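Heads up: the structure comes next, in structure tokens.
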């Protein structure tokens, strides 16, 4: 398995919506968001036509992950407020939640906590669109969902290897697939015409020094991921905290009170955020 | 802000989050002080948990929480910046038990 061909792997990932285990809503969604010129109105109509999806989207935009003041009651309001790029990411997020939980118990909590932490750090750093970073935090491990869906046996082997040899899941994936969840996630994000910054964050969240277009956003998600593991929320493949990337840490230059605020916001909001699915 | 089962509600508790119907409609607003009547209505709504105001309830002991923290950081002891991060997280966890 370790000599898995990258091209074959990528092809399989890009055609993930032909898998029978992928739920219908995600298949329909992928058809809609793969269109290069989708409009806000089309997306809005797509959501509004699906009552379950509408409820999920509204719960999500009204949750601590975004932290908008006041209540957003309609899908059209939500799409106008968030814009095309964020709503696309959010739709993917809510549609893969159940899959996340099936793929890896705890990945859903890990991703939610990471979305919250990313938003708080983005706000501390004065980014113009903290919601965009929060979506990146929510989706940074999407590759893990895809890998477990497409290759359940091999991924289980990678998880066992990570645990048995006390190595990171990232390295175990490399041994097993010749690629990591970061690569896989970015291929899918590219295929779905996600914004360039989001693709880069997904691709580089383990190696933030490689980020060219969005070094700050990537550093934020890298740090958020690490703090979530440090606090012990959820599960993302192994229990150990990885080493922080020094360049990212220095770029963010968070004070200890900043980090405490991030932890506190996660703590306060995790229980209510878990209600979203 | 603990989430507690509807059966454990007591008069005088305050809602930390609105109680909503499945459709998202708000039935009781945030900050409502619960009376015996409200609790009965909530129980009749068929929901399982509500959020009440107050400090979060920890499910494991402080010693256990700190042991887990040490395990999580066992691969990165002494690496650059990691001790700083660990110290902050440790203080945060200790704060949850005060």
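Brief remarks follow.
- FRET efficiency, residue B:64 to residue B:91 (Cβ-Cβ, R0 22 Å, nearest 0.05): 0.80
- Helical contribution to [θ] at 222 nm, DSSP H n ≥ 4, -39,500 (n - 2.57), averaged over chain A, rounded to 500: -21000 deg cm²/dmol
- Tensor-based shape of the range A:100-227 (alpha-carbon gyration tensor, a/c under 1.5 rounded, otherwise prolate or oblate): prolate
- Shielding of peptide A:225-234 by partners, expressed as the average count of other chain Cβ atoms within 10 Å per residue Cβ, is 4.
- Neighbour counts of other Cβ atoms within 10 Å put A:226, A:84, A:251 in the fewest-to-most order A:84, A:251, A:226.
- Percentage of interatomic Cα-Cα distances in the range A:1-116 larger than 17 Å: 60 percent
- Each distinct pair of alpha carbons in chain A adds a 1/r term; the inverse of their mean, the Kirkwood radius, is 18.7 Å.
- Inter-centroid distance (Cα atoms) of the range A:4-47 relative to the range A:128-148, Å: 16 Å
- In terms of other Cβ atoms within 10 Å, A:261, B:67, A:141 run from fewest to most in the order B:67, A:261, A:141.
- Translational diffusion of the range A:71-175, µm² s⁻¹ [Kirkwood Rh, Cα pairs; Stokes-Einstein; 4 °C; 1.567 mPa s]: 85 µm²/s
- Each Cα pair under 8 Å and six or more residues apart adds its sequence gap; the mean of these over the residue count of the range A:122-217 is a relative contact order of 27 percent.
- Across the range A:130-179, Cα-Cα distances exceeding 16 Å account for 44% of all pairs.
- Relative contact order (%) - criterion: Cα under 8 Å, at least six apart; region: chain A: 24 percent
- Whole-angstrom gap from the range B:18-92 to the range A:208-277, using each part's C-alpha centre: 18 Å
- Each stretch of four or more DSSP H residues adds -39500 (n - 2.57); spread over every residue of chain B, this sum gives -10500 deg cm²/dmol at 222 nm.
- Modelled spin labels at residue A:19 and residue B:44, positioned 7 Å past Cα toward Cβ, are 4.7 nm from each other.
- Rg ratio (alpha-carbon, reference 2.2 N^0.38 Å) - the range A:28-86: 1.10
- Computed FRET value (nearest 0.05) for residue B:35 with residue B:4, which takes r as the C-beta separation and R₀ as 22 Å: 0.85
- Distance cut-off 24 Å, percentage of C-alpha pairs in chain B lying past it: 45 percent
- Rounded, prolate or oblate (a/c below 1.5 giving rounded, otherwise prolate when a/b exceeds b/c) for the range A:156-262 by Cα gyration tensor: oblate
- A Förster radius of 45 Å combined with the Cβ-Cβ distance from residue A:129 to residue A:163 puts the calculated FRET efficiency at roughly 0.75.
Throughout, read-outs are computed from the coordinates displayed, never taken from laboratory work. Note that the structure is predicted; figures quoted are calculated from it, not measured. As a convention, Cβ positions derive from the backbone with ideal geometry for all residues, glycine included, and neighbour counts pool all protein chains shown.
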